[in-house]
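Step one of this worksheet: look at the structure below.
The values are calculated or read from the model by the stated rules, or taken from the named source; none is laboratory data. In this text the structure is predicted, and so the values were computed from the model without any measurement. Reconstructed Cβ throughout: ideal geometry from the backbone, glycine too, with neighbour counts over all protein chains shown. The area values use the complete protein model at the heavy-atom level, side chains included, leaving out ligands, DNA and RNA. Shrake-Rupley method; radii C 1.70, N 1.55, O 1.52, S 1.80 Å.
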Amino acid sequence: MATKIVIIDDHQLFREGVKRILEFEKSFKIVAEGDDGSDVLELVERHRPDVVLMDINMPGVNGVEATKQLVDAYPKTKVIILSIHDDENYVAHALTSGARGYLLKEMDADALIEAVKVVAEGGSYLHPKVTHNLIADYRRLTSSDRKKGFQQGEVRRPYHLLTKRECEVLQLLADGKSNRAIGEALYISEKTVKNHVSNILQKMNVNDRTQAVVTAIKRGWVEVR
């Protein structure tokens, strides 16, 4: 069964670009498009998509409000927010509204396709830059705690679970690096990075890279730097 997708964005050129990228993936089917948050409920009622890609800033009903309405009415439909904002307040509002993903519009094609697949399968997906900013906030909090005597414990790499290379990839995920940046840092191909990430998620029994990073931080498997 193809993953049915609805795209809501008031910029036609951007919407067309997203549509063209997704249409290259045989397992995706674009079933409808809209240019305002007020279109969402009607389109979802008519087409019953698996995933809605929703612009956060639109005239009329904005993406956050439209997501709240959609999730309340059709909880099985998953929403990925599209935004130019990497500020944690925008991310927090989007996630609290019920969105399962948050992508910056500077994303590359691979990130877009990966996000839709992950969210359609029940996971969550944050743009690597957003993940990096959230971790930066965590660092600021722990830095504040250090002044009160808190120190991060010794980092214990999970060699009992992951290979040495997978531990390196996990650390770079925690640093907020994209697959491409990880490949460049480790001198391996982006495809190899994707394979390592898939193995990490499976071994850690998590659905997506964000959950992997959060779990790794909590367990002291990565350095918060």
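Right, residue 113: within 19 Å of residue 23 (Cα to Cα), in the same structural domain as residue 8 (by the TED database) and open to solvent by less than 10 Å² (accessible area, probe 1.4 Å) or not? Lay out the reasoning, then the answer.
Numbers: within 19 Å of residue 23 (Cα to Cα): yes; in the same structural domain as residue 8 (by the TED database): yes; open to solvent by less than 10 Å² (accessible area, probe 1.4 Å): no.
No; evaluated as a whole, the condition is false for this residue.
Could you look through the range 92-105, keep only residues that are more than 13 Å from the chain's Cα centre (by Cα) and open to solvent by 60 Å² or more (accessible area, probe 1.4 Å), and pick out the one that is nearest to residue 15 (Cα to Cα)?
93
Quick one: in the range 168-218, of everything that is in a helix (DSSP H, G or I), over 14 Å from the mean Cα position of the chain (by Cα) and of a type in the set (S, T, N, Q), which residue is modelled with the lowest pLDDT?
Checked the range 168-218; the qualifying residue modelled with the lowest pLDDT is 215.
Would you pick out the residues in the range 202-216 that are open to solvent by less than 30 Å² (accessible area, probe 1.4 Å) and of a type in the set (A, V, I, L, M, F, W, C)?
Within the range 202-216, 204, 206, 212, 213, 216 qualify.
Residue-by-condition table, conditions (1) modelled with pLDDT of 90 or more; (2) surrounded by 16 or more Cβ atoms within 10 Å (Cβ to Cβ); (3) of a type in the set (Gly, Ala, Ser):
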residue	(1), (2), (3)
23	yes, no, no
28	yes, yes, no
32	yes, yes, yes
36	no, yes, no
45	yes, no, no
50	yes, yes, no
56	yes, yes, no
62	no, yes, no
71	yes, yes, no
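Output the number of the condition that residue 183 fails; it satisfies all remaining conditions of (1) touching a Ser or Thr at 6+ places or on another chain (Cβ under 7 Å); (2) surrounded by fewer than 20 Cβ atoms within 10 Å (Cβ to Cβ); (3) of a type in the set (Gly, Ala, Ser).
With respect to (1) touching a Ser or Thr at 6+ places or on another chain (Cβ under 7 Å); (2) surrounded by fewer than 20 Cβ atoms within 10 Å (Cβ to Cβ); (3) of a type in the set (Gly, Ala, Ser), residue 183 is out only on (2).
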